Every structure is written in C-alpha cells, then in structure tokens.
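The values are calculated or read from the model by the stated rules, or taken from the named source; none is laboratory data. Since the model is a prediction, treat every value here as computed from it, not as a measurement. Cβ coordinates were reconstructed from backbone atoms using ideal geometry, including for glycine residues, and neighbour counts include every protein chain displayed. Heavy atoms of the whole protein, side chains included, go into the accessibility calculation; ligands, DNA and RNA do not. Shrake-Rupley method; radii C 1.70, N 1.55, O 1.52, S 1.80 Å.
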Number of protein chains: 2
Amino acid sequence: MTISLPPGFAAHTGQIGLRADGPDFVVVAADSPVPAAAVYTKSRFAGPSVVLSRANTSDRQAQAVVVVAKNANVATGPEGAANAAEVVDRVAAALGARPDDIVMTSTGVIGRQYPMDLLRRYLDGFAAPLTGTDATAVAAAMMTTDTHPKVAEAVVAGSEARVVGVAKGVGMIEPDMATMLTFLFTDAEVAPADLDAVFRRVVDRTFNCLSVDTDTSTSDTAAILANGRAGPVDLAAFEAAVDSVALDLTRQIAADGEGAETLLVVIVTGARDDAQAKLVAKAIVNSPLVKTAVHGADPNWGRVAMAIGKCSDETDIDEDRVTIRFGEQEVYPASVDDAGLAALERYMAGPEVLIAADLGIAGGSCTVYGCDLTDGYVRINADYTT
Amino acid sequence: MTISLPPGFAAHTGQIGLRADGPDFVVVAADSPVPAAAVYTKSRFAGPSVVLSRANTSDRQAQAVVVVAKNANVATGPEGAANAAEVVDRVAAALGARPDDIVMTSTGVIGRQYPMDLLRRYLDGFAAPLTGTDATAVAAAMMTTDTHPKVAEAVVAGSEARVVGVAKGVGMIEPDMATMLTFLFTDAEVAPADLDAVFRRVVDRTFNCLSVDTDTSTSDTAAILANGRAGPVDLAAFEAAVDSVALDLTRQIAADGEGAETLLVVIVTGARDDAQAKLVAKAIVNSPLVKTAVHGADPNWGRVAMAIGKCSDETDIDEDRVTIRFGEQEVYPASVDDAGLAALERYMAGPEVLIAADLGIAGGSCTVYGCDLTDGYVRINADYTT
C-alpha cells in the first residue's frame, strides 16, 4: 500500500547514521507556515524536543515536522537542549522557515547525547526543495522497532481534501523505543482554533485510548498540519476524516505492540460518564491477567470481573448490574455451556478480540485499544541489554 | 523451618476434595472470642466471604479463621452468599463459637459455586477440639499456587509474647489464584482499639506496598487475632514485632510472585510526602519495562526515569532534582563507566534488586515490594485455561 502526502506537503528521508541500516531522519514540510495543532507527552521527564515543539506550536502554526530516530535525546541536560535547538535552527535555515515553525521530535534510547558530528555532517548537505511525496516512505523512515510502516488516509466528505496520517509505535528489538510519534497532514482549509479543537477531541478518543504496556513515553508527540490547498470543508466531515485516520493508526499501533499477537479492543458502556468508562476500560485492557488470558485464548471472564472490581473508588459499580461479553457472547451473569465455551475459545484465538462490559449505571462509554501480553514481550524487553 | 502457633491457638487442616492432592481446608481457633483486627479487599466484586467477614470483625473480636482453597466463591450471587453463611454456621457450631466470631476466607477460581455436597460431607465429621499447633502446616494447607508455605514469627521485645503470621500469595499453575490471604496470631494482650490501629498502620506499609502484577484480588484478607495469653506488652514493641512478621511475609510473597525470579524492592525518598513517594514507587515497581529490565539484569535507568516521568500529575517532580540508584550505585545524573556497568549487571543478576529514587523535594518516603516480569508469568497465565 502506498499513500501519497496531500498536495502542498513534501518530504525528505535520509540516513544520518544513528542506525546502521536504513533511514533515521525525516522532514515533512509545507511551502509556508500553516495552521497546526499538537499534543505532547505529559511526562515529567519530557525531552528537549518536546519542550521546543510545545513552544513552537503554541501559536497554532507550523511549517515542518522533523524526526530523528534511534536517540530520544531525553534526560540529556543543557547539552541535549542545545543540540535540539541546533538541529531545529539548521533545518529551518535549509527550508527558509522560521525555527519556531518547526515541530521537532526524537525517539530512541534515553540518556545519551546525539552524535552531533554525524548530525552536523548530514545537515551540511540538507537543502530545500524537498521532493518526496510518498507518505508510506515517511512512515517507514520513522520506524525504530515497528514491524511495518503505519499510514492511513481519509477523504473529507463533500470535498477534495484528504487527511493523511503516519505513525510509529512499539515494535521489537530495542527496548527503549516505545515512543509514539504520529503526524497527520491535510490539504483541507481549517481555522487554527477549529483545527486545535478537532485534533484534541480526536486524540482523546483514539491515541489516548491506546495502551500497550501502561508505560508512558518521554517523547510522545501527535501533530496535524493543514495547508488549506483543497479549500474550505465541512467541519463535521473534517473531524470524521481525522477521526478515521487517527483510529486506523491507533489500531495499527496496538496490533503491532511489542510481542503482540492479538489486537484487544475493550468497550465499556453504561457508565456514570465517559471518564468512568475510560477508567474501567483501561483497567481491563491493562490488566496483565486479562492480557495473558487473551494470549492464551482463554474466555476467562473472572479476570475481567476482577479488573472491573479493582476500580475500588468507583463505589457506584455494583456487580449485580454488570454484564460482560466476549465478542457477541455474554459470559456474565449469563453462564455459557460447553459448546458456547468451545466457540468462545475459537473466537479468542483470532487476530482481534473484543471485550465489552456494561456497568448498568448511566450512558457513559469508551473504547480502548491494546494487545495481548506474550512471551515475546518479555523476551524483547528482557533479553536485550542497553 | 517449623514455627508453632502461639499458646492458646489451635489448628485443623484437612482435605475436602476441592483439590485432588493435599489439604484445602484450614481452621485456626482461639479458645474463646479474642481481640481481632482485619482489612479486606476494596474490590467492587468482593465475594460473600469478604462481606461476611467484614461484618463479623466490625466489633473487633473474633475466635477463628477459616480458609477454603481452590474456589474463591466470588460472583456467585445469592446461592454463593447462602453457601458461605452455611459454612460459617457449621464451623461455629463445631467449635462452640458464635457465627459472627468467624473470619471466613476463600481463594481460587471466580464464578463457580462451592461443591456443597463435598463441603457438607466433610463438615459432618469436623469437630472440636482442634489439636494442631504447627503454623507451617497451616500455611501449607492454605497454599493454592504458592511454591512454598509462607510463615514468619517475632517475639515482642520485653515480653514472652510472640507474633506468628501465615500467608499465601501468588504462585503458578492455576491462573485465577492470585488472592492474598494472611493471618497473624499473637498471645500478646492488646486492647481491640490498639490492635486495630497497629494492624492498619502495619498493613499500610507492608502488604499494601506489595504488587506482583497490579491486579487486585476479589478476596484479599489480612487479619490478626490476639488472645492475651502472654499478658500485657509494650505497644511500640508489639507494633515492631507485627511489622517484622508482616514485612517478612510481604517479601516472601513478592519473591514467590507468579513466575518471579528476582525480588524487586523500590525505595523512593525526598518526596513531597509519603503518599507521593508511594505513587512514584508503585509506578516504578509496576512498570513492565522496569520489570523486564530487572529480569534481563539490565541496569536500564532510562526506564526508571520514564516510570517516574509518567506520574504526570506530580508537577513538583523536576528531572533536574531527581537521582536514581541501582543498589548502592548512582546511575542518574551520575554516569557509570564500563567497569561500573559490568558490576551493575552482576548485581542485577542476583536474587534481590534495589532501585532507589530520590525526588529532591522534601522528606516523604516509601518502600514497595514486587518482582520481575518473566516468560514464566506469561506461561502460567496464558497456557492454562480455566
């Protein structure tokens, strides 16, 4: 599958040498500053890339995104901050852009300085104009431990505008590479305030509903740039298109989670409100006992009940009002006969498992995305030393 | 190691038949009602054993504890509640005790009714007086998936009184058996209100600082009975003895966590207060990336920084004030040379790993106990179906 960037965006990918094989540097740029929205990790150890980019997108405008792969530039002190600023300055100069219109991101090992000799030598030869149009190649160059590039697109209904998204998620081999980076590009014309509001809503119900292993990266960044080439669009149709792309990428990341063999989707309904639904859904999707049961294709609803039960501050949750389903099959309080159990085990051995719980309180709901916990996860993260 | 119960407590262990091999039924009783304190799971799916026992210890008095192993009697509805009450009534009648002086506990699979025919047949033959005095045998009979019995004792300084504790934790083979049950018995004479206050403080800094896998059981119960045979004791000395026994059992449970090969102790100091220290310590001890790094003997302090960083609501945490140690070796912000790294790897391959973080804010501190995440954990919980 090859997906091209929307008109008015161009890409550069290259190999600085942080990784021995393949590209480790990406720039995607618009011709001029365009409306942009971004959300970043809330980590107390956020790196200088995040600090710089958060400042640079605070005016809801950006021209380019930059990715350096294999080194997160996190916990690197004043030297790391100076290095990030230097990369931003040099990329901006090459593009003829302002440094504060650059979204800088970095992903990889924590606690090591950039090899600035390599970066400087590479950037000496980096110059506009950018000529790449292949979003799939961009996604591939961002990968660190992913097993395949993650790219998605949608057309904004009632317009010619497209939304194209790329993401990297968790993969294998290098244990520190759990950073999620995702960038969406659109040629729709959307006012900065609208773009910001739409993007925050979409991120909240897609990427923020994703958990591979409960561990929040120091470098997570999600950004959207809208260059307006396709003209005005219906805002609801635009949000639907952004949502479609973000959801597609979210599912791709969950399914490619470190060691994952099964995509796990958890839907909680009937909650007091959406926040309670999200709390309970995350308790289920993050439970190691639920995740290992999914890995073992075991329709073990007792573990789902346990995970709901451990939300002990939610005193309005009453086991007598709760129902639990695997796929379409209710398993609690209904009891399943042996034929039903055999069917459930076949269902759970498939590539995607849905666990649904209704709390029977009110109308709050949330859907979250995760994966099973496998021997592969342990091996990836234990067998390789830094 | 064989540890005897304090004078004035007697035990019965037997095989009802819930498990094919070995005992699955325990009663430990005092001669008459004695001061008692207990804390229970906060799960919203707490079973009828917990509901009954919580009511029975609300008057800070009890005479006996009962354990039924291999079936948790959780999510079993009115029938399960009636069955629990029947077991309590029959044990009380056999002991000549009041039903509301019985602490009833149950551990095992969720969502199945007790095989009451087996229980009734066994209880028909159960009668006082109890003759057992071996606490180790009691601990062995409580085991479900534990690999060895967990028992500990301490003498109350300045007295003849002892504190003897038994516990079961997580083990292997049956995936739903993660319930923690622990009982402490003492012949010290302690007023009910003092016993309650001491026990809650001790549980809060021992068992409540324990996490094998973040999953809270529906049946957790910790209780202490004090029969007063050894006369009055110094209350501070008593708390020290209870703390010693509870901490010993906590460490035994963590080290025997499902699939565990390494005991992981995390100490956070320099926090705003003890609550913040506990939050950060739990984030570290529960991080799958930290747990797998410990399993791989990888001194990967970047993952510890990540785990601290993800406590994103703690805005007073500043990476510039944080220090991280593995054992005695500072790893952040100090950098470790190759010889130091090799020494760290040897340290981390040992049976117990200490991770210490100082937040540099104020004087709050907390120590928590956990274990590494291994292939064994995944196999135990994925390979066996219910």
| message | What are the extents of the Cα atoms of the stretch B:101-170 along their three principal axes, in Å, largest first? | response | 49, 32, 21
| message | Under 8 Å for C-alpha pairs, at least 6 residues apart: give me the relative contact order for chain A, rounded to a whole percent. | response | 18 percent
| field | Stokes-Einstein translational diffusion, the stretch A:197-352 - Kirkwood Rh over all Cα pairs, 0.692 mPa s, 37 °C, in µm²/s | value | 186 µm²/s
| message | With every protein chain left in place and a probe of 1.4 Å, what is the accessible surface of B:HIS12, to the nearest 10 Å²? | response | 50 Å²
| task | Can you work out the accessible area per residue across the protein assembly as shown, with the rest of the protein chains kept in place, probe 1.4 Å, in square angstrom? | result | 35 Å²
| request: Using a 1.4 Å probe and counting only protein heavy atoms, arrange A:THR13, A:THR315 so the residue with the most accessible area comes first. | output: A:THR315, A:THR13
| For A:ALA127 and A:ASP194, FRET efficiency with R0 = 41 Å and r from the beta-carbon atoms, rounded to 0.05? | 0.75
| query | Can you pull the three principal axis extents for the Cα set of the stretch A:347-386, in Å, largest first? | reply | 48, 26, 11
| query | B:ASP234: net charge of surrounding residues, Cβ under 13 Å, Lys/Arg +1, Asp/Glu -1, itself excluded? | reply | -4
| field | Relative contact order of the stretch B:15-96, pairs being alpha-carbon contacts under 8 Å that are 6 or more residues apart, as % | value | 34 percent
| field | Global geometry of the stretch B:329-368, whether rounded, prolate or oblate, following the gyration tensor of its Cα atoms and the 1.5 cut on a/c | value | oblate
| remark: The ratio Rg/Rh over the Cα atoms of the stretch A:243-315, Rh being the Kirkwood inverse mean 1/r radius, stands at 0.99
| message | Checking an interface number: how much accessible area is buried between A and B, summed over both chains, with a 1.4 Å probe, in Å² rounded to 100? | response | 4500 Å²
| task | Enter the accessible area of B:ARG205 (Å², nearest 10), with the probe set to 1.4 Å and all protein chains included. | result | 100 Å²
| query | How much of the accessible area of the stretch A:39-142, in percent, comes from carbon and sulfur atoms when a 1.4 Å probe is used? | reply | 53 percent
| field | Per residue Cα convex hull volume in Å³ - calculated over the stretch B:1-44 | value | 169 Å³
| Ordering A:ILE284, B:ILE361 by how much accessible area each has at a 1.4 Å probe, largest first, what is the list? | B:ILE361, A:ILE284
| How large is the convex hull of the Cα atoms of the stretch A:298-346 per residue, expressed in Å³ as a whole number? | 70 Å³
| request: May I ask you to give the average projected area over all directions of the convex hull of the Cα atoms of the stretch A:224-269, in nm² rounded to one decimal? | output: 5.0 nm²
| note | In short, the stretch A:42-78 residues buried by 50 Å² or more of accessible area relative to the isolated chain (1.4 Å probe) are A:ARG44, A:PHE45
| Which entries of A:LYS150/A:LYS282; A:LYS278/B:LYS150; A:LYS291/B:LYS42; A:LYS70/A:LYS278 show an alpha-carbon separation above 29 angstrom in the structure shown? | A:LYS278/B:LYS150; A:LYS70/A:LYS278
| What is the spread of the Cα atoms of the protein assembly as shown along each of their three principal axes, largest first, in whole Å? | 92, 58, 38
| said: Placing the label point 7 Å from Cα along the Cα-to-Cβ direction, what are the distances from B:ALA342 to the equivalent spots in the other copies, shortest first, in nm to one decimal? | reply: 6.0
| task | Would you mind getting the Kirkwood hydrodynamic radius of the stretch B:19-172 from its Cα pairs, rounded to one decimal in Å? | result | 16.2 Å
| task | From the C-alpha gyration tensor of the stretch B:51-109, pull out the three semi-axes of the equivalent ellipsoid (sqrt of 5λ each), sorted largest to smallest, in whole Å. | result | 19, 12, 11
| Hey, any idea what Rg/Rh is for the stretch B:205-289, computing Rh the Kirkwood way over Cα pairs? | 1.03
| field | Two-decimal log10 I(q)/I(0) for the stretch B:1-82, as the Debye equation yields it once each C-alpha is a single scatterer, q = 0.12, 0.13, 0.21, 0.25 Å⁻¹ | value | -0.45, -0.53, -1.17, -1.26
| Using a 1.4 Å probe, how large is the accessible area of B:TYR347, given in Å² and rounded to the nearest 10? | 80 Å²
| remark: By the C-alpha gyration tensor axes a ≥ b ≥ c (rounded if a/c is under 1.5, else prolate when a/b exceeds b/c, else oblate), the shape of the stretch A:294-386 is oblate
| request: State the three equivalent ellipsoid semi-axes of chain B, derived from the C-alpha gyration tensor as the square roots of 5 times its eigenvalues, in descending order and whole Å. | output: 38, 24, 18
| Given the protein assembly as shown, what percent of its DSSP beta bridges are antiparallel, to the nearest 5? | 65 percent
| request: Working with all protein chains in place, sort B:ILE110, B:ILE308 by solvent-accessible area computed with a 1.4 Å probe, largest first. | output: B:ILE110, B:ILE308
| request: Find every distance from the label point of B:PRO99 to the corresponding label point in the other copies (7 Å from Cα along Cα→Cβ) and write them in nm, one decimal, shortest first. | output: 7.8
